[in-house]
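The values are calculated or read from the model by the stated rules, or taken from the named source; none is laboratory data. Note that the structure is predicted; figures quoted are calculated from it, not measured. Please note that ligands, DNA and RNA were not included when accessible areas were found on the heavy atoms of the full protein model with its side chains. Shrake-Rupley method; radii C 1.70, N 1.55, O 1.52, S 1.80 Å.
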Amino acid sequence: MAPRSPNSDFLADGCNRAWKALEPEIRRQVEAEYAEAWKASGLLRRWFVRRRIEAEVRRRLTERAPPDAFY
């Protein structure tokens, strides 16, 4: 069972659990959107594309499961 806060019914790691559950779906969507840019780029440009993908995944995760929400 997941750890709970001492004085409440909220999960102590609720945000992390939500992000782990949502990340595979969101990552697939974002990588599909950047697939053409990935294929057309060389080694250095792929580094920049990967950074944009990671930033977009974090942005979408934050939208769907805000870190300051109650879990």
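Some notes on this structure:
- Per-residue HN-Hα couplings for the stretch 13-28 [Karplus 6.51, -1.76, 1.60; θ = phi - 60°; Hz; x = Gly/Pro]: 10, x, 5, 4, 5, 5, 5, 5, 6, 8, 4, x, 5, 5, 4, 4
- Among the protein heavy atoms, those of residue 31 account for about 70 Å² of accessible surface (1.4 Å probe, every chain in place).
- Solvent exposure, largest accessible area first (probe 1.4 Å, DNA, RNA and ligands not counted), of 48, 70: 70, 48
- Per-residue 3J(HN,Hα) values for the stretch 47-57, derived from phi via the Karplus relation 6.51 cos²θ - 1.76 cosθ + 1.60 with θ = phi - 60°, read 4, 5, 5, 4, 5, 5, 4, 4, 5, 5, 4 Hz in sequence order (x marks Gly and Pro).
- Nonlocal amide H pairs with residue 11, under 5 Å, H built at 1.01 Å: 71
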